[in-house]
Structures are given as C-alpha cells and as structure tokens.
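To start, the structure under review is shown below, and the notes come after it.
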C-alpha cells in the first residue's frame with residue numbers, strides 16, 4: 001500500500017507541476033499580448049497588469065475570453081512579419097543569380113585564378129546541371 005501511495009503522490013506532483021507551467025505560459029502570453037496591443041492606451045495596459053498581479057488566474061481567463069480574437073490576430077500578424085523578415089534576410093545573404101555566379105567565375109578565369117575546367121564546373125553548378 002505504501003508503494004501505491006508513493007506512485008499517486010508522484011502522479012499528483014507531476015500533474016500540479018504541469019498545470020503550474022501551463023498557467024505561467026498563459027500568464028506570460030497575456031502579458032506579452034498586452035504590451036503588443038497598440039489599440040490599448042497606457043492606462044488600460046496598467047489596469048490589466050494590476051489585475052494580473054492581484055487576481056492573476058481570473059484576470060488571465062477574462063482577458064483570453066474578452067480579447068482572445070485580437071490575441072489571435074496579433075499573433076498571426078506577428079508570425080507573418082517574422083516570416084517576411086526571415087525571407088528578406090535569407091535573400092540578402094543568399095547566393096547571387098546564376099548569371100552573376102557565371103560572370104564571377106569568368107572573371108576569375110580571365111585573371112588566371114581558375115582553369116577552364118574549373119570554370120566549366122562552376123558554370124554547370126550555377127546552372128544546376130549535373131556533372
């Protein structure tokens with residue numbers, strides 16, 4: 001009986017740890033959303049935060065119910081912004097077009113840095129040909 005009691009104690013401990021982590025995640029998500037929302041003025045943000053400090057569970061629940069649609073829209077908009085920023089960054093650091101790569105390889109060949117065979121290999125690679 002002692003062993004079984006120990007298992008249930010561990011089960012409840014793990015359950016409450018999980019529940020607490022979910023609660024903290026939701027609380028911080030609400031706090032981040034309050035600061036992300038440009039439609040709220042500073043006073044309303046302060047009121048939401050004060051209520052989150054003194055009555056956190058109920059306030060978070062009310063916030064999600066009352067402003068949940070706006071939370072989802074802001075989150076989706078932010079994801080699109082992140083994706084656009086990431087795409088722009090990748091384009092800025094990615095390789096140039098195939099014609100630019102071929103022109104660079106041709107300049108290296110003309111300078112004598114690479115051989116004709118190396119130039120042909122770089123040209124084939126830039127064009128996506130298989131060797």
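The values are calculated or read from the model by the stated rules, or taken from the named source; none is laboratory data. These numbers were taken from a predicted model, which means no experiment stands behind them. Here Cβ is always computed from backbone atoms with ideal geometry, including for glycine, and neighbour counts include all displayed protein chains.
Just one of the listed residues (80, 90) is modelled with pLDDT of 85 or more, more than 16 Å from residue 31 (Cα to Cα) and assigned by TED's automatic domain parsing to the domain that holds residue 32, and it is 80.
If the requirement is being out of contact with any helix residue (DSSP H, G or I) (no Cβ under 6 Å at 6 or more places or on another chain), assigned to a helix (DSSP H, G or I) and loosely packed, with under 10 Cβ neighbours inside 10 Å, which of these qualifies: 79, 5, 83? Break it down into steps so the answer makes sense when it comes.
On the way: 79 fails: loosely packed, with under 10 Cβ neighbours inside 10 Å; 83 fails: loosely packed, with under 10 Cβ neighbours inside 10 Å.
Just one listed residue meets the conditions, 5.
Look at residue 68 and say whether it is surrounded by 10 or more Cβ atoms within 10 Å (Cβ to Cβ), more than 23 Å from the chain's Cα centre (by Cα), outside the structural domain of residue 127 (by TED's automatic domain parsing) and assigned to a helix (DSSP H, G or I). So residue 68 does not fit the description; no.
Of all the residues in the stretch 39-55, those that are more than 15 Å from residue 70 (Cβ to Cβ) and either assigned to a helix (DSSP H, G or I) or not assigned by TED's automatic domain parsing to the domain that holds residue 29 (or both) number 10. The set of residues from the stretch 40-58 being surrounded by 14 or more Cβ atoms within 10 Å (Cβ to Cβ) and in contact (Cβ under 8 Å) with a residue 12 or more places away in the chain comprises 48, 49, 52, 56. Based on this model, can you work out whether residue 109 counts as surrounded by 10 or more Cβ atoms within 10 Å (Cβ to Cβ), part of a helix (DSSP H, G or I) and not assigned by TED's automatic domain parsing to the domain that holds residue 128? Here the answer is no, as residue 109 does not meet what is asked.
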